[in-house]
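Written below as structure tokens is the structure these notes are about.
The values are calculated or read from the model by the stated rules, or taken from the named source; none is laboratory data. All figures in this text were calculated on a predicted structure; none of them were measured in a lab. No Cβ is skipped: glycine too gets one built from the backbone with ideal geometry, and neighbour counts run over all protein chains shown. Only protein heavy atoms, including side chains, enter the accessible area calculation; ligands, DNA and RNA are left aside. Shrake-Rupley method; radii C 1.70, N 1.55, O 1.52, S 1.80 Å.
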Amino acid sequence: MPTNQEKSGAAGETAGNRRLSFGSPFLYVTFFFSAAVLLFIVMPLFQMVSQPSLASLWETIHDPEVLSSIWLSVYTALIAALIAFVVGTPLAYSLARHDFFGKKLIESIIDLPIMIPHPVVGIAILSLLGRGHPLGQLMGKIGLRIMGSVTGIIVVLTFVGLPFYLNAAKSGFESVPVRLEKVSRSLGAGRAATFFRVTFPLSWRHMLGGVIMCAARAVSEFGAVVIVAYHPMIAPVLMYERFTAYGLKYSQPVGVWLILVCLTLFMLLRLVSLPSKVER
Amino acid sequence: MIKLEQLTVKLPGFAVQDISLQVAPGEFFALLGPTGSGKTVILESIAGLVHVTGGVIRVDGKTITHLPPEQRRIGIVYQDYALFPHLTVMENICYGLRYFDLDMHQARQRVDHLVELLGLQNITHRRPLHLSGGEKQRVCLARALSVNPSVLLLDEPLSALDPNFREEIRRVLKKLHGELRITFMMVTHDFSEALYLADRVGIIRNGRMEQVGSTEDIFLRPANPFVAEFVGMKNIFAACVADQKIEFGGLSCPLSEQVICKQGVLALRPEDIVLQRENGFSDDYVHYAGVIEQIVPAGLWHEISVRCREACFKTIMDRKTLMMHRYNEGDAVYLGFQAEAVRVF
């Protein structure tokens, strides 16, 4: 049994620590920089969202050109994320589970689209899939048009979004202990059954996070898309066109609607990926 | 039955080499060795979970060396449980039922029997996260046994448990083996676990098998200084044999039988050494005068170091005896042991 003196001593120590932490310059510096970072992100967005009048927002959302561009932006980004999910999952799993010669090089190659300036991505895709390259000519022959098409937009968005999905899925697979897979196989499940019954249920949140990051990156892409497919116009290209042709006032409402639509969509996806009560 | 013929597994920076071993049907075999000696690699190669570089693995007469793990029907239980965290206890136990050609009614009966045998009735709906270490290990055992495996592999099943749960799982393992009579192969670094559970033991070091035999055989007749030390012979001295005597640390000890001293090592168990204040040893005891250097409490026992010339012997004594004789550090004593207790390598 602690004595009253010990109790008060312990309490005093706790209070002392609290006083010490409140008086610490470290806390003030942390608070100041945290607030500065949050303001830096929020202020321009708030300014953009609050500037357009309700009337102009109402008018913009009834503009068929705006609606179709936002819709195009959202669905091409989601298709790009879906493609990344389907084609990227095996590679992410292999990288998470196996060590092999050249693995570091492959990981660096995967990160390349994050580092390359966006117009360079557009030019690179244009040079490979344009009419001047045999691959582009072949695609033309089979009826796949890349330049100035939805297909082209999806190709670009998949290219820029893939690293985000691959890295998130890879870290998800790495978080699943290999021993769980080994036990599953010892219990009679093959590789595929083990993946779908053990690995996937334990890593799908990472994968969904990767899909969200991939789609978010894709929906915000401008520099590469504008080179490969100016038309049909995705929302960022439409905003750019309205800004250069009519000024800030006419481009802002489009941006506001794109932000609202994307925010709603990504919040819904994030909600789905939250752990359930049982898992917590 | 498990039969390993010159099993070789090469991993980056480590290799298990030429392991040959036979485990009889229904036997409880323990594979012992220090950490990093390759015990788990051998276990996982039997389960098909690591790539085997050379040699042959047979189970019940069938060669399974390169068979995928899902076709082997060999259960494995890890020390860190490896329970599927997203499934309930019952879902974990029933995980493998669908993959084998089992009569579902019989399989269900088997699962119910295992649940009862392992005392899991009240936790079948719970998730592994909310279980104690002992409960987790019992679920692991039920899951591995639910598919009616021909062999059960246990990778240090008691290591991660608290002492209370360790005792409980030890009893459970003994009970399961007694009731199911399937072949158990356990990996451990604790010889006392093997003594309690196993019929036979294999000692492994640096990927090579040092000795295989009954627990009694290994305990009483270790094949080399490493095995001797591993099974608790704490008195190991450099020695040489001359004229039916063995000399070590400035001391001389008559040999009970003709021995060939190949490695020049003498080994003696601490519990074979007796201490006395006065020299009252009978003729069949070898004895030396010495001084107590150190007395260290070691659980239920005290470990006493006694220096006799250059040799420092270690013996053990229970607390009551120690108090009765009032031994203290620096006391002059006589130390003795029977010549038959000495092992020479």
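Fully extending the segment from A:I109 to A:W58 would add 13.9 nm, taking 0.36 nm per residue of separation and subtracting the current Cα-Cα distance. Across segment B:80-85, computed HN-Hα scalar couplings (Karplus, 6.51 cos²θ - 1.76 cosθ + 1.60, θ = phi - 60°) run 8, 6, 6, 7, 6, x Hz from first to last residue, x flagging Gly and Pro. The mean number of Cβ atoms from other chains found within 10 Å of a Cβ in peptide B:95-101 is 4, as a whole number. Close amide H contacts of B:M233 (hydrogens built in the peptide plane, cut-off under 5 Å, sequence separation of 5 or more or a different chain): none are found. Inter-label distance, A:R97 to A:A192: 1.3 nm, where each label sits 7 Å from its Cα along the C-beta direction.
Evaluate E = 1/(1 + (r/R0)^6) for B:T65 and B:E167, where r is the Cβ-Cβ distance and R0 equals 30 Å; express this FRET efficiency to the nearest 0.05.
Values: r = 37 Å, r/R0 = 1.25.
For R0 = 30 Å, the calculated efficiency reads 0.20.
Across segment B:1-33, the residues whose backbone nitrogen lies under 11 Å from the label position 7 Å along the beta-carbon direction of B:H51 are B:10-12. Computed from label points 7 Å out along Cα-Cβ, the spacing between A:A36 and B:Q22 is 7.8 nm.
Computed from phi, the 3J(HN,Hα) profile of segment B:308-316 under the Karplus parametrisation 6.51, -1.76, 1.60 (θ = phi - 60°) reads 10, 6, 8, 8, 10, 8, 10, 10, 10 Hz, with x in place of Gly and Pro.
Within chain A, the selection of entire DSSP H helices by a Cα span of 15 Å or greater along the long axis and an average Kyte-Doolittle value of at least -1.0 returns A:25-50, A:64-97, A:103-115, A:118-129, A:150-174, A:200-219, A:235-246, A:248-272. At a Cα cut-off below 14 Å, give the aspartates and glutamates reachable from B:K62, other chains included and same-chain residues fewer than 8 away excluded. Answer for B:K62, where 14 Å is the Cα cut-off: B:E5, listed by chain and number.
Among the chymotrypsin sites (Phe, Trp or Tyr not before Pro) in segment A:203-252, which ones are in a DSSP loop with at most 10 other Cβ atoms within 10 Å of the Cβ? Mind listing them? If you can, show how the numbers build up before the last one.
Working: sites: A:W204, A:F222, A:Y230, A:Y240, A:F243, A:Y246, A:Y250; in loops: A:F222, A:Y230.
Sparse-neighbourhood loop chymotrypsin sites (Phe, Trp or Tyr not before Pro): none present.
Accessible surface computed residue by residue for the protein assembly as shown, with neighbouring protein chains in place and a 1.4 Å probe, gives 51 Å² per residue. With 27 Å as the limit on Cα-Cα distance, the pairs of A:K104/A:K182; B:K245/B:K320; A:K104/B:K39; A:K182/B:K3; B:K175/B:K314; A:K170/B:K39 that go past it are B:K245/B:K320; A:K104/B:K39; B:K175/B:K314; A:K170/B:K39.
Taken over the Cα atoms of chain B, the convex hull encloses 165 Å³ per residue.
The base-10 log of I(q)/I(0) for the protein assembly as shown, evaluated at q = 0.05, 0.10 Å⁻¹, reads -0.42, -1.05 [Debye formula, identical scatterers on Cα atoms, solvent excluded]. Taking label points 7 Å from Cα along the Cα-to-Cβ direction, A:H133 and A:M48 give a separation of 3.1 nm. Taking A:V37, A:V211, A:V150 as the candidate residues, the one with maximal mean-square fluctuation in a Gaussian network model of chain A, Cα springs under 10 Å, is A:V37. Counting only the Cα atoms, chain A fills a convex hull of 254 Å³ per residue. Per the Kirkwood formula applied to alpha carbons, segment B:89-247 shows a radius of gyration over Rh ratio, Rg over Rh, of 1.12. The amide H of B:Q79, built 1.01 Å from its N in the peptide plane, has B:D155 as neighbours under 5 Å, considering only residues 5 or more places off or on other chains.
Roughly what % of DSSP beta bridges within the protein assembly as shown run antiparallel, to the nearest 5?
Given both bridge residues lie in the protein assembly as shown, the antiparallel proportion sits at roughly 75 percent.
Of all the options A:V66, A:V176, A:V225, the one that moves most in a Gaussian network model of chain A with Cα springs shorter than 10 angstrom is A:V176.
For the protein assembly as shown, the dipole from Cβ point charges (+1 on Lys and Arg, -1 on Asp and Glu) about the Cα centre works out to 1780 debye, to the nearest 20. Taking amide hydrogens as placed 1.01 Å from N in the peptide plane, the amide H of B:I246 sits under 5 Å from those of B:C253, B:L255, each at least 5 positions away in sequence or on another chain. Averaged over peptide A:187-197, the number of partner chain Cβ atoms lying within 10 Å of each residue's Cβ comes to 5. For segment B:109-167, the spread of Cα coordinates along the three principal axes comes to 32, 27, 18 Å, biggest extent given first.
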